[in-house]
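Novice: Sharing a structure with you now.
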Amino acid sequence: MTKRLIRKNGSSLPGPEDIHREVLSNGITVLTRSNFNSPSISMAGYLPAGSIFESDEKLGLADFVSASLMRGTQTKSFDAIYNELESVGAGLGFDSGVHNASFGGRSLVDDLPLVLKLLSESLLTPIFPKHEVEKLRAQILTGLAIREQDTSDMAAMAFDRMLFDGHPYSRPADGYVETIEQITQKDLVEFHRAHYGPRGMVIAIVGAIDPKKAVAAVERVLGGWQVPGQVLPPSLPPHKPIKKTVRHHHVLASKSQSDLVIGMIGPKRNDPEFYAASLGNSVLGQFGMMGRIGESVREKSGLAYHASSSLSAGIGPGTWEVNAGVSPKNLKKAIGLIEQELRKFVKSGVTKDELADSQANYIGRLPLSVESNGGVASALLNIERYKLGMDYYQRYESVVRSVTRDSVLETARKYIDPNRLVISTAGP
Amino acid sequence: MTNQITQVTLKNGMKVMLKEIHTAPIISSWIWYRVGSRDEPTGKTGVSHWTEHMQFKGTKKFPANVLDKAISREGGRWNASTSRDSTRYFETMPADKIDLALRLEADRMKNSIFDEKEVASERTVIISEREGLENEPTFRLSEAVQQTAFHVHPYHHEIIGDMADLRTITRDDLYEHYRTYYVPNNSILTIAGDFQTKAMLKRIKELFEPVPMGKMPPRLNRPEPEPKGEVRLTVEGPGETTFIQVAYRFPNAAHPDYFPLQVLDSLLGGASGLSYKTSRLYRALVDKEFAVDVSSWPEATIDPFLYRIIITNHPKRKTEKTLAALDAEIQKLQDKRVSKDEITRAVKQARAVFAYGSENITNQAFWMGYAEMFSSYHWFTSHLSNLAKVTPQDVQRVAQKYFQPANRVIGIYTPNSRRSK
């Protein structure tokens, strides 16, 4: 006999009946959802301590701080922290973007208190030991040296620089060699003191634990955290419009393949046209074997192993871009084909069948994206960050179905102008 | 996680392995063919991987532009990959849509077209894939090390194949490869997820049993002789960063020494899928600033392959010093028995990794077939208990036996950017 373990409402999608949300007295939002199918836990979250606070001279500071948090705290050394984690097969890590510092971890359920304790110590009492900072600096600098040789990274960096000229999004969050070399231990301490705090912090815990117990576990280690002077992020300045197509080629002489990024500004995550842009983009460069772009550049012309388009939409202006890796001798041809697809896209949008296909794909793949605890934790953070509503994933089908051919066309024309593109390439 | 499965061999020799999991309305289906880059003679390197690409170019029933859209339309995720020992295709679908995946796989087991024009356009796609890999210093280093470690065995070449062969392999070469190896008696179908075994098996028989049994394809068998001593090589290329790869000849996955070596790997390089900052190599090389990163991994293979250690050298250190520090660490394992606690720790880490893996249905269907390719599903289900049986004496013995200089190739990627600028 088969036991059905799928949730009572017949859906595996998170919703108001099984997402538990609580805000602690110090401002930390806790989201939890139980899943007793596996004895494990996923934990993820963020707080507003990203690179938006950095000066141009100290670019990479926020990233450096987040990478240093587990290098030593008031009570534990770097090695002791990782020894506790790795001895039980648990994980914990920090990262940093423009707006937020983020963290993630996982463990067997019995070890959740250990992971939360280490999360709390890393957030509240890091000491940035000098010798560890210097070790980390060497590692970051090597990472930057490797980046300098990566065609895809170099094309992407120049793309952001041109597209977001003068805007915080134009800067690489991991900085440059010169800026990383200038950052002192004092800078790290001060950045942490000013920007790490409970206000604006969100944490999601998903797995084999009762929601109330999960909240209590967070309360125990983070409930008493107070940072009265916590500096909150500035608002984003406007970005300059692109007036005509701009191009840049970064020379990396000995490479066998070139990378290209062609794109423009895209919608914010909370813009009403986000879904029309997302479904339109699916037709353009995602659906099936990388959509129309894949069909044209890879399938018909055999020019590239990967050629696709993507939207990156967050708090501020997003990007809408096409990426491909091509043989240097085919670079011009590939750019021509992509421009041709973009022209076609803004001229006639998508067909009824194409839109229906992508809608079906979005709806059908949703259960897959929330299959693992980590997938659900990301979904909960997504709901919180963009205020999508607890029933978002259950409403998702109707949201996707509400997109029409007209709204896709209108959105495409609003964002894409084939005569005002940013074209960034790197290679020989 | 339960490991209960149903195993059946169909009339045409195709093996079927089914595992019911009712935690999400999802089913993952994998089909495995016993052919990989180890079966490719010189002149045809890369033919397995290229054939895998051609399997997406359509049959009469599912033409190229129909097939990928059909899966995507249902919200499915699908892909394929070629390894040294096998070629595998998977679809993970909403449970009520899995029939499409089964029909597609049954059809393309014998009806793929391999159109001449599609072969021509895929040739440049694969050349482009290889060029993308060649952009990476670590790929170039790895390829050189592998070519040096194997002179006779076809593990000599990379899965993607040599550029010379990618330029000359013909449509008929590809089609012959397909017809030879893609027969039901050379394949395994593994399915995990939200289904009822009886009904699923009935449907599988309807779809796959009409595919006629073929001649059992022979596997290329050219055993590599024992290494005759340490070999060192240098690869030059752009950049500022020096990479070192140290590759020891390692036994095959079914060998009894494989489990003590897995424990040894956990101690040296950390458990697979976890952070590794308290591993012996991290402490000896990164903490002591000989390297800015180090990673290591064994590969579960049919024939003896390699255990590789990749070091991103610290910009201020000479590679000889780094290698000396590595050797000193290995020497410790050979001279002094590890404690039982260290082994217990490695087992606990592996147990956690298994628990994380059990959240994912695609992963569970994968392991059934993957383990069958070089051993059996039992290899996977008894993995944790076999690790727990490993003793400190075992670890010391395998450290002494396999981690000998004569048993290794050392490759160094030396940057020449200053000259090339």
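Novice: For a quick check: sort B:Met368, A:Met43 by the number of other beta carbons within 10 angstrom, fewest at the front.
Specialist: Fewest to most other Cβ atoms nearby, the residues stand as B:Met368, A:Met43.
Novice: How many Cβ atoms of partner chains, on average, are near each residue of B:311-324 if near means within 10 Å of its Cβ?
Specialist: The shielding value for this peptide is 1.
Novice: Rg and Dmax of the stretch B:181-307 over Cα atoms: what are they, in angstrom?
Specialist: Values for the stretch B:181-307 (Cα only, Rg and Dmax): 22.0, 62 Å.
Novice: With Rg and the Kirkwood Rh both taken from Cα atoms, where does Rg over Rh land for the stretch B:6-208?
Specialist: 1.00
Novice: List nothing, just return the count: lysine pairs in the stretch B:231-420, 8 or more apart or interchain, with Cα separation under 20 Å.
Specialist: For the stretch B:231-420, the number of qualifying lysine pairs is 16.
Novice: Separate question: log₁₀ I(q)/I(0) of the stretch A:109-167 at q = 0.20 Å⁻¹, via Debye over equal Cα point scatterers, no solvent, to two decimals?
Specialist: -0.83
Novice: Once the cut-off is 30 Å, how many percent of the Cα-Cα pairs in the stretch B:231-420 end up in the long-distance tail?
Specialist: 23
Novice: Which value, in debye to the nearest 20, gives the size of the charge dipole of chain B about its Cα centre, when Lys and Arg are +1 and Asp and Glu are -1 at the Cβ?
Specialist: Around 600 debye, computed over chain B.
Novice: Say each of B:Glu299 and B:Ala254 gets a label point 7 Å from the Cα, pointing the same way as Cα to Cβ; how far apart are those two points in nm?
Specialist: My value for the distance between the label points is 1.9 nm.
Novice: Can you put A:Asp259, B:Asp68 in order, fewest other beta carbons within 10 Å first?
Specialist: B:Asp68, A:Asp259
Novice: What are the principal axis extents of the Cα atoms in the stretch A:260-356, in Å, biggest first?
Specialist: Extents along the principal axes, in whole Å: 40, 30, 22.
Novice: Run through all the Cα pairs of the stretch A:60-157 and give the fraction in each 10 Å bin from 0, expressed as whole percent.
Specialist: Per 10 Å bin, starting at 0, the Cα pair percentages come out as 15, 41, 31, 13, 1.
Novice: Now for a different question. As a test of the definition: which semi-axes, in Å, follow for the stretch A:287-337 when you take the square root of five times each eigenvalue of its alpha carbon gyration tensor? Largest first, please.
Specialist: Computed over the stretch A:287-337, the values are 23, 13, 7 Å.
Novice: Between A:Gln74 and B:His378, what FRET efficiency follows from the Cβ-Cβ distance if R0 is 45 Å, with the result rounded to 0.05?
Specialist: The computed FRET efficiency comes out at 0.35.
Novice: May I pose another question? If you bin the C-alpha pair distances of chain A every 20 Å from 0, what whole percents do you get?
Specialist: 23, 53, 23, 0
Novice: Reachable aspartates and glutamates from A:Lys332, Cα under 12 Å, same-chain residues fewer than 8 places away excluded?
Specialist: A:Asp259
Novice: Continuing with the same structure: Please report the spacing between the Cα centers of the stretch B:298-323 and the stretch B:157-217 in Å, no decimals.
Specialist: Each part reduced to its Cα centre gives a spacing of 34 Å.
Novice: Based only on the alpha carbon positions, what is the Kirkwood hydrodynamic radius of the stretch A:246-427, in angstrom?
Specialist: Final number for the Kirkwood radius of the stretch A:246-427 is 17.2 Å.
Novice: Over the stretch B:144-252, with a single point scatterer placed on each C-alpha, what log10 of the ratio I(q)/I(0) does the Debye formula yield at q = 0.11, 0.12, 0.17, 0.22 1/Å?
Specialist: Values, matching the q order: -0.68, -0.76, -1.03, -1.27.
Novice: Let me ask something additional. Could you tell me which trypsin sites (Lys or Arg not before Pro) in the stretch A:142-206 are loop residues by DSSP with no more than 16 other beta carbons within 10 angstrom of their beta carbon?
Specialist: For trypsin sites (Lys or Arg not before Pro) across the stretch A:142-206 that sit outside H, G, I, E and B with at most 16 neighbouring Cβ atoms in 10 Å, the list reads A:Arg199.
Novice: Taking Cα pairs under 8 Å and at least six residues apart, what relative contact order does chain A come out at, in percent?
Specialist: 23
Novice: A further question on this structure: I need the semi-axes of the equivalent ellipsoid of chain B: take the C-alpha gyration tensor, multiply each eigenvalue by 5, square-root it, list largest first in whole angstrom.
Specialist: Over the Cα atoms of chain B, the semi-axes work out to 38, 28, 19 Å.
Novice: Also, quick follow-up: Excluding residues on the same chain fewer than 8 positions from A:Lys344, give the aspartates and glutamates whose Cα lies under 12 Å from its Cα.
Specialist: A:Asp417
Novice: Using bins 10 angstrom wide from zero, how does P(r) for the stretch B:152-209 break down, in % of all Cα pairs?
Specialist: So the P(r) values, bin by bin, are 15, 30, 25, 21, 9.
Novice: I need the semi-axes of the equivalent ellipsoid of the stretch A:345-420: take the C-alpha gyration tensor, multiply each eigenvalue by 5, square-root it, list largest first in whole angstrom.
Specialist: After diagonalising the Cα gyration tensor, the semi-axes are 28, 15, 11 Å.
Novice: In addition: Across peptide A:251-258, how many C-beta atoms of other chains are within 10 Å of each residue C-beta, on average?
Specialist: Per-residue shielding by partner chains comes out at 6.
Novice: Then there's this: Starting from one equal scatterer on each C-alpha and no solvent at all, send me the Debye-based log10 I(q)/I(0) for the stretch B:357-420 at q = 0.15, 0.28 Å⁻¹, two decimals.
Specialist: -0.79, -1.09
Novice: Taking B:Lys202 as the anchor, which lysines have their alpha carbon closer than 28 Å to its alpha carbon, excluding any fewer than eight residues away along the same chain?
Specialist: List returned: A:Lys3, B:Lys11, B:Lys15, B:Lys19, B:Lys60, B:Lys61, B:Lys69, B:Lys97, B:Lys110, B:Lys215.
Novice: Just the Cα atoms of the stretch B:322-383: what Rg and Dmax do they give in Å?
Specialist: 16.6, 44
Novice: Averaged over all directions, how much area does the convex hull of the C-alpha atoms of the protein assembly as shown cover when projected, in nm²?
Specialist: Its average projected convex-hull area is 33.3 nm².
Novice: Determine the dipole magnitude for the stretch A:363-428: charges of +1 sit on the beta-carbon of Lys and Arg, -1 on that of Asp and Glu, nothing else is charged, the reference point is the Cα centre, and the result goes in debye to the nearest 20.
Specialist: 180
Novice: Just the number, please: Stokes-Einstein D of the stretch A:20-222 in µm²/s, Kirkwood Rh from C-alpha pairs, 37 °C, 0.692 mPa s.
Specialist: It comes out at roughly 183 µm²/s.
Novice: Which angle between 0 and 90 degrees, to the nearest 10, do you get for helix B:340-357 versus the longest principal axis of chain B when only C-alpha atoms count?
Specialist: Result, in degrees: 30.
Novice: Treating the beta-carbon of each Lys and Arg as +1 and of each Asp and Glu as -1, no other charges, what is the dipole magnitude of the stretch A:20-222 about its Cα centre, to the nearest 20 debye?
Specialist: Here the size comes out at about 760 debye.
Novice: Another one. Please average, across the residues of B:268-275, the number of beta carbons from any other chain that are within 10 Å of each residue's own beta carbon, and give a whole number.
Specialist: Taking all residues of B:268-275 together, the mean is 3.
The numbers here are math on the coordinates, done by the rules we state, and not lab data. What you see is a predicted model; the values in this text were computed from it and never measured. Counting neighbours? That spans all protein chains shown, and the Cβs are built from the backbone with ideal geometry, glycine included.
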